[in-house]
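Quick notes on the structure that follows.
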Amino acid sequence: MKSYFYLFCLALFLLASCSKSDLIPEPSISVLPKPDTNIIPKPDTSITLKPDTNAIPKIDTVAITHPEPIEKPDTGTLCIVKSIEKISNGESYLRVYTYDSLARVTKVTLGRASELFYTDYTYQPHRIISTSLPGTGTYDINDDGQIIRMNQSTSFRYNSEGYLIETEFAGIKKTFDYKNGNLVKIAYVDQFGKENILKLIEYNNEPFQNVMGLGGVTTDFDSEGDILASYLGKPNKNMVSRTTQQLHGPLNPDLIINYSYIKDDTGKIVSIKTTPSWFNPPTEYKILYQCQ
């Protein structure tokens, strides 16, 4: 009997000496989910932040890049004036324009086949130089693309809106007055400060088209298709319909010139006719475009 009792006690001792870890199973590590590394977004290396160059103001190189007038018909096609034929008193004269890659006029050929004249234009930073048989012309340009001085002798002044308001040569000033966006009066002021009206200008309701200065007279040297018209400040709002030139003499009545226009199907002006009240015969200007 005692042997059974000792065997029983020995069994209890062995049972008590067993490790808890042998009786209670350890939790499986597979029960705990592993952190999903996909949850943390990786930086997209395909996106490269570039500086906004449009936010950086560019240096105005208007004297280099200022384009000559380019008409934009309703079709959206870009067109430049290729030639202007002047027909008056039975005679015809042709102006042919040559351009560079920036659409600036580099040469004007004027005359007839038997008698041609050339004017070459070169562009420098803030300066245009014209070279022709009579001589060389130098035109200084400001940052706004406006002529401010011609041949170091004639100065040009503009208002805050960009309109040409005054020229001065040898102490004699010309003034330019505007109304509703159009030049309506040109006058000169003598050395005593007296204003003498040179020209009064009227307009139609047609929007302005810069046909090398034609139909938008501002100064004396841009009245017959001079390329410099686009460098004389803000253009008129409308096209000229009539000018009255006051000649200031008892034997010289006012010279009135009426303007009429013909347009093609796209709205470009292809003909301008001027009819003076006296002295000169009517003149027609036929405009040929090169479109692309």
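Computed from the coordinates by the stated procedures, all read-outs in this text should not be read as laboratory data. Only a predicted model underlies this, so the values are computations on that prediction, with no experimental measurement involved. Here Cβ is always computed from backbone atoms with ideal geometry, including for glycine, and neighbour counts include all displayed protein chains.
A single entry from E161, E166 fulfils the requirement of being more than 20 Å from V96 (Cα to Cα), without any contact (Cβ under 8 Å) to a residue 24 or more places away in the chain, surrounded by fewer than 15 Cβ atoms within 10 Å (Cβ to Cβ) and among the acidic types (D, E): E166.
Taking the stretch 182-198 as the range and being over 15 Å from T167 (Cα atoms) and either surrounded by 15 or more Cβ atoms within 10 Å (Cβ to Cβ) or in contact with a Gly (Cβ under 8 Å, 6 or more places away or on another chain) (or both) as the test, the residues that pass are N182, V184.
Yes/no matrix, rows are residues, columns are (1) closer than 22 Å to N89 by Cα; (2) of a type in the set (S, T, Y); (3) surrounded by fewer than 15 Cβ atoms within 10 Å (Cβ to Cβ):
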| position | (1), (2), (3) |
| --- | --- |
| N238 | no, no, no |
| Q246 | no, no, no |
| L255 | yes, no, no |
| Y259 | yes, yes, no |
| K263 | no, no, yes |
| V270 | yes, no, no |
| T274 | yes, yes, no |
| F279 | yes, no, yes |
